[in-house]
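Below you'll find the structure, written out as structure tokens, and then a few comments.
The values are calculated or read from the model by the stated rules, or taken from the named source; none is laboratory data. No experiment lies behind these values; they were computed from the predicted model shown. Cβ coordinates were reconstructed from backbone atoms using ideal geometry, including for glycine residues, and neighbour counts include every protein chain displayed. When the accessible area is computed, the model is the full protein with side chains, heavy atoms only, and any ligands, DNA or RNA have been set aside. Shrake-Rupley method; radii C 1.70, N 1.55, O 1.52, S 1.80 Å.
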Amino acid sequence: MIETEAKRPRVLLAAVDTGEYDAEQSLDELEELADTAGADTAARIVQKRPAFDSATCIGPGRLEEMAQLCQSGDIDQIIFDHELTATQIRNIEDACGVHTIDRTMLILDIFAQRATTHEGRLQVELAQQRYRLPRLAGMGIQLSRLGGGIGTRGPGETKLETDKRHIRTRISNLSAELKEIEKRRTYARSRRKKDGVLVCAIVGYTNVGKSTLLNLLTDAGVLAENKLFATLETTSRAIELPDGRSLMLVDTVGLIRRLPHHLVEAFKSTLEEAANADVILHICDASAENCEEQAQVTLDLLSELGCDGIPVVTVFNKCDLLPEELAFAPETRNAVLISAKENRGMDQLLAALAKALPDPARRMRLLLPFSQGGLLNEIRSSGKLFSEEYTPEGVLVDAMVDVRLQKAAAPYETEKA
């Protein structure tokens, strides 16, 4: 028996333009999100209004137009580019007769599809439960109050309260589990600092090529697709810089405009990798029309996480998609231009990372007298030893020496490494 592919649902995208941001550009991004979730966009509706309608978000005229489109256009679902209340969702569904969700619900659904690790699934479920809790009241007649007056509680009200208690309990359990995972993550960070491991956090807008770059530099084997939020899990891999130092690259979840605050809270421990890094690698999509706006979204979140003061290396990826006269110019806006897809600009990128790291270690060739065994032990523990040879005069070493030890080691330096 031949299996046929499941039909992709057809969706209607709707937005209210209050002038706060570019509504058409935001709808383009919503269409990409819908495609990532597995839906095809059949139609789009935008209405200019000074404010959202409290009952239906969109005005009555546009709502009637949407209802007609749903009846005649084979629409399976409506997706609003704003966060809706439970009452608004119910009123829109009553008017149009099709299932309705908002931008936050769509992003949560994509995260639920893409989460593969235990931690990722916990984070997504926590965000979903926090989103559901205030929306239980008004979700439909099955949860409405059947009795009225003081002292009367119908089965609908009882069901609502039971559901709320269940969700609160689940939120509490999920938060406790994530706190335990966060403790382990914090311990791993402290171990890295104690061992002198240098850390670089890779941050950026979703679909700018973070995973592709990580795969290129480290052979990490991370899923890399031309889709929003292709990967959610934090991946760590070590690379060696041109000056011989080892650097741990830590990938983080991609960002997006108006990322639901429930997700930011749930993924905070993951995003905080950036706040504990020695250097931040900020990846931008050089080919995107709104490149600067995407970059600002990332910079705003970094500031919110307390990353001020950490060196940032800005990298414009996908330069192979730019006109020839702009692609791979020597230096543009103090940034590095690369193409992870075509493996171009990697040497400049690694050199920029080495330059940005604070208190760089230095490679030295030393002839240490046998009486300086303590210094040799310190170099072994805090630096990186490339070779060690015992001679009649002492121990000849080729090592990456920590900045704290360079002054003590300088008298025994034989030549520049």
The one condition E64 fails out of (1) at pLDDT below 90; (2) over 19 Å from A112 (Cα atoms) is (1)
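Here's the yes/no breakdown for (1) in a helix (DSSP H, G or I); (2) in contact (Cβ under 8 Å) with a residue 40 or more places away in the chain; (3) in contact with a strand residue (DSSP E or B) (Cβ under 7 Å, 6 or more places away or on another chain):
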site	(1), (2), (3)
A351	yes, yes, no
A354	yes, yes, no
L366	no, yes, yes
L375	yes, no, yes
R380	yes, no, no
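Filter segment 239-255 for residues that are hydrophobic (A, V, I, L, M, F, W, C) and modelled with pLDDT of 80 or more; which is nearest to G120 (Cα to Cα)? Show your work before the answer.
If we filter segment 239-255 for residues that are hydrophobic (A, V, I, L, M, F, W, C), which is where we start, we get 239, 241, 247-250, 253, 255.
Subset that is modelled with pLDDT of 80 or more: 239, 241, 247-250.
Numbers: I239: 25, L241: 31, L247: 25, M248: 21, L249: 19, V250: 16 Å.
Ranking the qualifying residues of segment 239-255, first place goes to V250.
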Residue pairs within 9 Å by beta carbon, gap of at least six or interchain, first lying in segment 7-22 and touching a residue at least 60 places away in the same chain (Cβ under 8 Å), second basic (K, R) and assigned to a strand (DSSP E or B), listed first then second, are L12/R44; L13/R44; A14/R44; A15/R44; V16/K48
Taking segment 342-378 and the residues there that are open to solvent by less than 60 Å² (accessible area, probe 1.4 Å) and of a type in the set (G, A, S), the one that is farthest from the chain's Cα centre (by Cα) would be G373
Selection from segment 17-58 of residues within 27 Å of the chain's Cα centre (by Cα), of a type in the set (V, I, T) and part of a strand (DSSP E or B) yields T41
Filtering segment 9-41 down to residues that are within 14 Å of M66 (Cα to Cα) and open to solvent by less than 40 Å² (accessible area, probe 1.4 Å) yields V11, L12, L13, A14, A15, V16
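When you check L405 against the structure, is it crowded, with 16+ Cβ neighbours inside 10 Å, at pLDDT 90 or above and either in a helix (DSSP H, G or I) or in contact with a Ser or Thr (Cβ under 7 Å, 6 or more places away or on another chain) (or both), yes or no? Write out each step before concluding.
Details: crowded, with 16+ Cβ neighbours inside 10 Å: yes; at pLDDT 90 or above: no; either in a helix (DSSP H, G or I) or in contact with a Ser or Thr (Cβ under 7 Å, 6 or more places away or on another chain) (or both): yes.
When the stated conditions are applied, L405 does not pass them.
Quick check, is I58 modelled with pLDDT of 90 or more and among the hydrophobic types (A, V, I, L, M, F, W, C)?
On the way: modelled with pLDDT of 90 or more: yes; among the hydrophobic types (A, V, I, L, M, F, W, C): yes.
So I58 fits the description; yes.
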Among the residues of segment 224-238, is there at least one that is modelled with pLDDT of 80 or more, open to solvent by less than 30 Å² (accessible area, probe 1.4 Å) and not in a loop (DSSP other than H, G, I, E, B)? no
Checked segment 161-208 for anything open to solvent by less than 30 Å² (accessible area, probe 1.4 Å) and modelled with pLDDT under 80; matches are R189
Checked pairs for segment 285-300, first closer than 16 Å to A335 by Cβ, second assigned to a helix (DSSP H, G or I) and open to solvent by 80 Å² or more (accessible area, probe 1.4 Å), C-beta under 6 Å and 6 or more apart or across chains, list as S287/L321
Note on segment 380-392: residues surrounded by 12 or more Cβ atoms within 10 Å (Cβ to Cβ) and modelled with pLDDT of 85 or more are F386, E388
